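Visitor: After the structure tokens below, expect a handful of questions from me.
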Amino acid sequence: MKKGNKLNKTLSIISKITEILHWIGAGISALMVLISIVDKSFFAECVAEEGPNFATLEAYSFNVNALTQNGDINHFAVTMAFVGIMLTFILMALIFRNLDIILSTIMGKYKHATSTSPFQKDVVRRVREMGIFAISMPIIGFIITTIITGVSLANGIESEVSVSLEGIIIGLVCLCLSQIFSYGANLEEEVDGLL
């Protein structure tokens, strides 16, 4: 049992640090949205200094190349990409927050936990939320890239974007796991009622 507690503590620390890093990333992305709106030359100067690879903006669920076919910066694509990156980082921070709370619940350190069992309604809800957040990321990526492509084409600019659908698979796995945890919570409730 001690090995499990050490592992849970380690995972809890890692998930908390990762959550904080994602909140910081979301804040930086929000700042970049503001900068890209206020100072359109900022990103172009960064690309000029760092090279064309710097113009590729990526999040977990999508990839946007902000350079146009003639080498200029697509400012609308930059702004929208940072909006998408910010939203993605927020969802990832929420996923790791839920993971930390689940681990804290199992270790008996979460103040709202009813027991140390993973089979309780709060854990079920948090696993389900993790699935929903994971599924939301590629949907947001698809919406952002569709908007970028549509606006760019309307302005006669070709845009290079891609969307990854891995989040949907991970989200579906989490939703399935939430059903298993829900079944376990119901069984545990029935057993407790018999005792």
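The values are calculated or read from the model by the stated rules, or taken from the named source; none is laboratory data. Keep in mind that this is a model prediction, so the values were computed, not measured. Note that we place each Cβ from the backbone using ideal geometry, even for glycine, and neighbour counts take in every protein chain shown.
Visitor: Looking only at the range 155-169, which residues are surrounded by fewer than 15 Cβ atoms within 10 Å (Cβ to Cβ) and either at positive phi or part of a helix (DSSP H, G or I) (or both)?
Guide: If the condition is that a residue be surrounded by fewer than 15 Cβ atoms within 10 Å (Cβ to Cβ) and either at positive phi or part of a helix (DSSP H, G or I) (or both), then G156, E166, I169 are the ones that fit.
Visitor: What number of residues within the range 155-170 satisfy the criterion of being free of Cβ contacts under 8 Å to residues at least 24 places away in the same chain, among the aliphatic types (A, V, I, L, M) and within 16 Å of I73 (Cα to Cα)?
Guide: 0
Visitor: Turning to a different aspect of this structure: For residues that are at pLDDT 90 or above and charged (D, E, K, R), scanning just the range 1-57, find the one that is surrounded by the fewest Cβ atoms within 10 Å (Cβ to Cβ).
Guide: Looking at residues that are at pLDDT 90 or above and charged (D, E, K, R), I get K16.
Visitor: Checking the conditions here, which among S178, S182 is part of a helix (DSSP H, G or I), of a type in the set (S, T, N, Q), more than 14 Å from the chain's Cα centre (by Cα) and buried (at least 20 other Cβ atoms within 10 Å of the Cβ)?
Guide: Working: S182 fails: buried (at least 20 other Cβ atoms within 10 Å of the Cβ).
It is S178.
Visitor: Can you work out which of the residues in the range 126-154 that are touching a residue at least 24 places away in the same chain (Cβ under 8 Å) and either of a type in the set (S, T, Y) or loosely packed, with under 15 Cβ neighbours inside 10 Å (or both) is farthest from I101 (Cα to Cα)?
Guide: S152
Visitor: Between L172, L187, which is at pLDDT 85 or above, assigned to a helix (DSSP H, G or I), surrounded by fewer than 16 Cβ atoms within 10 Å (Cβ to Cβ) and not basic (K, R)?
Guide: Details: L187 fails: at pLDDT 85 or above.
Only one candidate qualifies: L172.
Visitor: Here is a follow-up. Got a sec? Which of A113, A134 is touching a Cys at 6+ places or on another chain (Cβ under 8 Å) and either at pLDDT below 80 or within 22 Å of M86 (Cα to Cα) (or both)?
Guide: Of A113, A134, the one residue that is touching a Cys at 6+ places or on another chain (Cβ under 8 Å) and either at pLDDT below 80 or within 22 Å of M86 (Cα to Cα) (or both) is A134.
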